[in-house]
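A.B. asks: Right, I'll just put the structure down here and ask away after.
A short reminder: the numbers here are calculations on the coordinates, not readings from a lab. Owing to the predicted nature of the structure, the values given are computational and were not obtained by experimental measurement. Cβ placement follows ideal geometry from the backbone for every residue including glycine, while neighbour counts extend to all protein chains displayed.
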Ligand SMILES: [Zn+2]
């Protein structure tokens, strides 16, 4: 699932493949950008902000643009060598192709693809809370933002990127399990909120630089999570069955009713 760590990794893939290179062509397959041609622009920087990707471009006339994209659930960027077969996803999911002399970057199933003057980036990412994997990560500010709405269920508050940026559904579920917290506990009643925020950052940081997301320390298939994706399977701690809510896949909650009991 694309969360802060996956997005961070993707930014690095684009950095390794495109940074400092000049674009020889671009092909946008979304209507609102279909006529854009980025040939001649140099890729100055590739970075992530929470779950947002920013590709900063500079023209020979020093015009600065930022190409913004969001992976949501199913998006991906792949970098290929020129002439290499594009094997990432079916072709109809391609939203943009960026070419340089040495590489081709293909964006599949991207969301919120936008091209704006770099000076206007804050309109796209300025609302985000502290970035768990950013150079300016600020745990105290994240705690302050979370605590500002004490009645809100903690599972919902952790997903709100205005509080802290980078946590998606997988890390939300795993973090709440590891802290023994019932997902619907009001934020104001969560014991040791700073401890939870610190652990969340550690979980994401541990998975930086690899594509397998693990919260258990194991990279073996079927052993990488405590509760996420494990409905009705035995809890690794108490052996009881893992529960799962219904509904929207982006918000689904897995938890262990025994290890994360409702506060009384
Ligand atoms: Zn349990």
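A.B. asks: Rounding to the nearest 10 and keeping the result within 0 to 90°, find how far the Cα-based axis of helix 4-18 lies from the longest principal axis of the chain.
C.D. replies: Result, in degrees: 20.
A.B. asks: Could you sort the peptides 242-255, 128-141, 94-107 by per-residue average Cβ neighbour count (10 Å cutoff), highest mean leading?
C.D. replies: Sorting 242-255, 128-141, 94-107 by mean packing, highest first, produces 94-107, 128-141, 242-255.
A.B. asks: Against the longest principal axis of the chain, how steep is helix 169-178, in degrees 0 to 90 to the nearest 10, with axes from Cα atoms?
C.D. replies: Roughly 30 degrees between the two axes.
A.B. asks: Given a cut-off of under 8 Å on Cα pairs at least six residues apart, what relative contact order in percent is computed for the chain?
C.D. replies: 16 percent
A.B. asks: Roughly what angle does helix 193-206 make with the longest principal axis of the chain, taking Cα atoms, 0 to 90 degrees, to the nearest 10?
C.D. replies: Helix 193-206 sits at roughly 50 degrees to that axis.
A.B. asks: Would you mind pulling out the separation of the Cα centroids of the stretch 246-264 and the stretch 71-150, in Å?
C.D. replies: Computed from Cα coordinates, the inter-centre distance equals 28 Å.
A.B. asks: Next question. I'd like to compare 223-231, 37-45: which one has the highest average count of other Cβ atoms within 10 Å, and what's the full order after that?
C.D. replies: 223-231, 37-45
A.B. asks: For the chain, what is the calculated [θ] at 222 nm in deg cm²/dmol (nearest 500), taking -39500 (n - 2.57) for each run of four or more DSSP H residues and dividing by its residue count?
C.D. replies: -6500 deg cm²/dmol
A.B. asks: Using a basic spin-label model with each label point 7 Å from the Cα along Cα→Cβ, how many nm lie between residue 119 and residue 151?
C.D. replies: 4.3 nm
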